[in-house]
Amino acid sequence: MQTHDIKPLIAARPASPLNGTLRMPGDKSISHRALMFGALAVGETRISGLLEGEDVLRTAAAMRVLGAEVVQDAPGAWRVSGRGVGGLTEPADVLDMGNSGTAARLLAGILASHPFFSVMTGDASLRRRPMRRVTDPLAMCGARFLTREGGRLPLAIEGARDALPLEYRVPVPSAQVKSALLLCGLNAPGITRIEEPEATRDHSENMLRHFGAAVTVEEAGRVRVISLQGQPHLRAADVAVPGDPSSAAFPVVAALLVPGSRLRIEGLGLNPLRCGLFTTLREMGADLTVENERMEGGEPVGDLVVRHGPLRGVEVPWDRAPSMIDEYPVLAVAAACASGTTRMLGLKELRVKESDRLAATAALLTENGVKAEIVGDDLVVHGSGKPPAGGAVVKTYMDHRLAMSALVLGLATETPVGVDDASFIDTSFPGFVALMNGLIAAPALRAA
Ligand SMILES: O=C(O)C1=C[C@@H](OP(=O)(O)O)[C@@H](O)[C@H](O)C1
Ligand SMILES: C=C(OP(=O)(O)O)C(=O)O
């Protein structure tokens, strides 16, 4: 596994058009879950299109240490021989989840209802992120947790011997919290019942059903109640991972900003609970069309065609945030090049991502000559309809999405934009630089 001791400086130069037909790396959320559910199922799960980013490789390594057989047959093609619900075994060493909030929080859910001792840690970014949002509700199953001050990793877990089912209303919109509680509930008798005040990505619900669990979802307006029948017999099930819409956000915004661009992104995951960015870009005037829409492995998939065109500022409502939570930094870049003001409302959750993404996104823009401000939990960006000045080396704070957003901005600015550290891009989008350069006649992203 790659370490992050090298800090390459990469700058994007003002670019010629982006053109081509491409596929995105596999969806990160679905990839983590495919490995975890595969490890909890009986039999052999075959996964195609698995994201081989560092975050997902951490999950693969953890599942192996916990007793599942996890094998890579070819790039993207993996096999997991699971241990059955409740069948994982005590790890001999500390579980290091690297930079990945999803890996750490979902794994905490699995470990809470396995009767053994484990310790989890992560890199400096993950060790700053809040874990009480999962450990507080998980403790109600009978597990015990010890954390560092403020509920931070490292985390020691004494899993419950006879876990109780959970009944909980998730106070923040978070698919990670919801999924951690469902994973815990797999090894508890009876019904685990989770209420979420706003719908978040539902890959766990869809995939649990695909592996044979009984999951029901009741919807009342924005509120969703998810019920899982505990101790199911999970059966191995093949998973075809669609392209990641959160990764597609970067070439899509780049194509919208650089005159003459046209891209076709094939086999892209288009789950409506992940598509808030595309909705917003269309409201801004973007030419985005979907072709070949189909269902694959229980998820909507299609080919997305994007063409360059002018954008205008819009207001992005707070209740859209869960469907585009990882896309705000690159939306802010699009807003910086639009004409007029874009107000992105209700971005509190961005403060607890790999970095404080609200502050860091505002800084990314202002250092490159864009007028932007934070008002409460909102981000306000004043686009002038002209290319921003650029010229800054952006601080990325171990955050892949900030690095990619800054490099996309650099494709549209008057002068190049640099990033202090491009190495974290590999956590979610290995091959990003080569893929982007491959779309442009003269490579625009290079080592500084
Ligand atoms: O469940 C998931 O796979 C994810 C949920 C989101 O986090 P939160 O649950 O913290 O919103 C998102 O930011 C993350 O990239 C992936
Ligand atoms: C927030 C993200 O991931 P995680 O929470 O898994 O670290 C992300 O990928 O933008």
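The values are calculated or read from the model by the stated rules, or taken from the named source; none is laboratory data. Just so you know, these numbers come straight off a predicted model, no measurement behind them. All Cβ positions, glycine included, derive from the backbone under ideal geometry; neighbour counts span all protein chains shown. With ligands, DNA and RNA removed, areas are computed over all heavy atoms of the protein, side chains included. Shrake-Rupley method; radii C 1.70, N 1.55, O 1.52, S 1.80 Å.
Placing unit charges on each Cβ (+1 for Lys and Arg, -1 for Asp and Glu) gives the chain a dipole about its Cα centre, and among GLY298, GLY267, ALA11 the Cα reaching farthest toward its positive end belongs to ALA11. With respect to the chain, whose longest principal axis is taken over its alpha-carbon atoms, helix 28-40 is tilted by about 10°.
Using only alpha carbons, the chain has a radius of gyration to Kirkwood radius ratio (Rg to Rh) of 0.96. The count of lysine pairs in the chain that are at least 8 places apart or cross chains, and whose C-alpha atoms lie under 18 Å apart, stands at 7. Solvent exposure of the chain, expressed per residue, is 35 Å² of accessible area, with all protein chains present and a 1.4 angstrom probe.
Once you have all Cα-Cα distances for the stretch 3-142, histogram them in 10 Å bins from zero and send the whole-percent values. Percent of pairs per bin, in order: 11, 36, 32, 14, 6, 1.
Roughly how many percent of the accessible protein surface of the chain is carbon and sulfur, given a 1.4 Å probe and a whole-percent answer? Ligands and nucleic acids excluded, carbon and sulfur reach 52 percent. Axis of helix 357-366 versus longest Cα principal axis of the chain: the two differ by about 10°, to the nearest ten degrees. Which of the three applies to the stretch 34-75, rounded, prolate or oblate, going by the alpha-carbon gyration tensor with a ≥ b ≥ c and a/c under 1.5 meaning rounded? Oblate, because a/c is 1.5 or more while a/b does not exceed b/c.
Taking all Cα pairs closer than 8 Å and separated by 6 or more residues, the relative contact order of the chain comes to 19 percent.
Determine the shape class of the stretch 217-333: with a ≥ b ≥ c the square roots of the Cα gyration tensor eigenvalues, call it rounded for a/c under 1.5, and otherwise prolate if a/b is greater than b/c, oblate otherwise. It comes out oblate by the Cα gyration axes.
Here the stretch 147-193 and the stretch 243-265 have alpha carbon centers that stand 37 Å from each other.
Note down the relative contact order for the stretch 28-240 as a percent, whole number, built from C-alpha pairs under 8 angstrom at least six residues apart. Here the relative contact order equals 21 percent.
The tail of the calculated P(r) for the stretch 28-240, taken as Cα-Cα distances beyond 27 Å, holds 22 percent of the pairs.
Given 10 °C and 1.306 mPa s, compute D for the stretch 297-448 with the Stokes-Einstein relation, Rh being the Kirkwood radius over Cα pairs; round to the nearest whole µm²/s. D, rounded to a whole number, is 100 µm²/s. Separation of the stretch 355-434 and the stretch 5-49, taken as the distance between their Cα centroids, equals 21 angstrom.
If both residues of a DSSP beta bridge must be in the chain, then about 75% of such bridges are antiparallel. Rounded to the nearest 20, the Cβ-based charge dipole of the chain about its Cα centre (Lys and Arg +1, Asp and Glu -1) stands at 320 debye. Computed from Cα atoms alone, the Kirkwood hydrodynamic radius reported for the stretch 5-69 is 14.5 Å. Ranking of TYR397, TYR168, TYR328 by solvent-accessible surface, largest first: TYR397, TYR168, TYR328 (1.4 Å probe, protein heavy atoms only, all chains present).
Distance from the Cα centroid of the stretch 290-325 to that of the stretch 334-352 is 17 Å (rounded to whole angstrom).
With all pairs of separate Cα atoms included, the stretch 99-224 yields a Kirkwood hydrodynamic radius of 14.6 Å.
Taking only the Cα atoms of the stretch 62-130, the radius of gyration and Dmax are 12.9, 36 Å. The sum of -39500 (n - 2.57) across all DSSP H runs of n ≥ 4, divided by the residue count of the chain, sets its helix-only mean residue ellipticity at 222 nm to -8000 deg cm²/dmol.
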